[in-house]
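One structure is given below, encoded as structure tokens.
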Amino acid sequence: MDQLAAMATFVRAVDAGSLSAAARAIPSSLTSVSRQISALEQHFGTRLLLRTTRQLALTEDGRIFYERARSVLGEMKEIEEALARNRREPAGRLRVSAPALMGRLLIAPLLGDFLRACPSLSVDLLLIDRNVDLIEEDVHLALRVGRVADSQLVTRKLGEVQMIHCASPDYLARRGEPQSPSDLAQHDCLVFSDAPGVATWRFGRDAGSGQRVRISGRLWVNSLDALATAAESGAGVVRVPSWQVERQLAEGRLRRLLREHEPAPAPLHALYQPSRLGSAKIRVFVDFLVERWRGSDPFRR
């Protein structure tokens with residue numbers, strides 16, 4: 001028995017004054033209406049109605065049940081309306097995670113316009129350089145660079161991130177310019193990681209047949225900002241997103257290396273749980289980023 005549906009039928013019958021009137025209002029058969037009410041009485045172990053096809057009378061238990069059922073059905077209607085509003089209108093709190101540098105340079109500057117456009121929304125922006133667990137960490141939307149391993153998540157591609165290699169003119173004057181990826185074994189490499197050791201840099205547009213080079217870096221930093229600064233000071237060769245060092249390249253503070261060996265761009269996705277598919281706040285935020293980034297194309301520089 002669908003107790004909620006049976007409860008609604010019971011309330012409708014009492015309000016209509018008879019089982020036949022309730023059957024016409026639903027609409028349903030008289031037999032179905034009678035069966036649902038009988039199932040309720042059997043479930044609760046008490047008589048709720050004294051009835052004929054033309055007239056109803058509530059028992060004492062029936063009166064209690066009727067009042068409580070009306071309250072429950074009213075609350076359910078309020079819940080349905082609230083959820084429908086949430087699907088239609090962005091409101092409430094939105095928790096977004098993004099890589100730290102991307103969040104600081106490309107997302108945070110847009111949030112003023114976004115919040116003005118959506119006055120009923122608040123945003124928690126979490127700048128985290130790791131893959132978050134959306135459920136465990138109560139994150140509604142995650143921006144993630146690279147292949148998405150979790151096929152259960154809903155994904156929307158926002159762009160592509162090109163990783164490049166560069167070094168300062170001063171460093172290249174002292175050490176020479178690498179002509180192939182294997183030459184990096186003779187260079188000081190600056191590695192983005194929070195765990196020093198041996199890194200692997202992939203080269204070539206074809207992920208299947210591209211070249212992989214093991215890098216024993218002299219400097220390991222868990223901040224892309226710090227790595228780019230170190231590269232500018234002549235510390236070595238760094239691998240960073242192209243958009244991060246656009247100004248340094250234009251001003252000659254860094255020089256792009258191994259361009260013909262660069263890896264294929266990595267996709268940037270917005271990820272969220274399927275259960276949040278209809279959330280207006282997620283949809284409006286993702287649409288906002290797509291619209292803003294479509295005009296400026298910040299990743300393919």
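Of 5, 39, 98, which residue is modelled with pLDDT of 80 or more and within 28 Å of the chain's Cα centre (by Cα)?
None of the others qualify; the one that does is 98.
Of all the listed residues (233, 223, 242), the sole one being among the hydroxyl-bearing types (Ser, Thr, Tyr), open to solvent by 20 Å² or more (accessible area, probe 1.4 Å) and under 21 Å from residue 169 (Cα atoms) is 233. When 71, 97 are checked against the criterion of being among the hydroxyl-bearing types (Ser, Thr, Tyr) and open to solvent by 40 Å² or more (accessible area, probe 1.4 Å), a single residue qualifies: 71.
Of the residues making up region 198-249, those that are within 19 Å of residue 100 (Cβ to Cβ) and in a loop (DSSP other than H, G, I, E, B) are 222, 223. Note on region 114-149: among residues that are touching a residue at least 40 places away in the same chain (Cβ under 8 Å) and open to solvent by 50 Å² or more (accessible area, probe 1.4 Å), the one that is farthest from residue 97 (Cα to Cα) is 117. Within region 39-58, being exposed (fewer than 15 other Cβ atoms within 10 Å of the Cβ), of a type outside the set (D, E, K, R) and on the phi < 0 side of the Ramachandran plot holds for 42, 43, 44, 46, 50, 52, 53, 55, 57. One residue stands out among those in region 257-287 that are in a strand (DSSP E or B) and touching a helix residue (DSSP H, G or I) at 6+ places or on another chain (Cβ under 6 Å): the one that is least open to solvent (accessible area, probe 1.4 Å), which is 270. Checked against (1) over 17 Å from residue 158 (Cβ atoms); (2) open to solvent by less than 40 Å² (accessible area, probe 1.4 Å), residue 106 passes all but condition (1).
Scanning region 151-173 for residues that are touching a residue at least 24 places away in the same chain (Cβ under 8 Å) and over 30 Å from residue 229 (Cβ atoms) yields 152, 153, 154, 155, 156, 157. Is it fair to say residue 204 is closer than 29 Å to residue 238 by Cα, open to solvent by less than 50 Å² (accessible area, probe 1.4 Å) and free of Cβ contacts under 8 Å to residues at least 12 places away in the same chain? Judged against the criteria, residue 204 is not a match. Within region 155-186, the set of residues being acidic (Asp, Glu) and under 30 Å from residue 282 (Cβ atoms) comprises just one member, 160.
Restricting attention to region 207-219, the residues that are open to solvent by 50 Å² or more (accessible area, probe 1.4 Å) and out of contact with any Leu (no Cβ under 6 Å at 6 or more places or on another chain) total 8. Inclusion of residue 83 among residues that are under 30 Å from residue 10 (Cα atoms), at pLDDT below 90, surrounded by 12 or more Cβ atoms within 10 Å (Cβ to Cβ) and out of contact with any His (no Cβ under 7 Å at 6 or more places or on another chain) is warranted.
The values are calculated or read from the model by the stated rules, or taken from the named source; none is laboratory data. None of these values were measured; they are calculated from a predicted model. Using ideal geometry, Cβ is built from the backbone for each residue, glycine included, and neighbour counts are taken over all protein chains shown. Remember, those area values only see protein heavy atoms, side chains included, never the ligands or the DNA or RNA. Shrake-Rupley method; radii C 1.70, N 1.55, O 1.52, S 1.80 Å.
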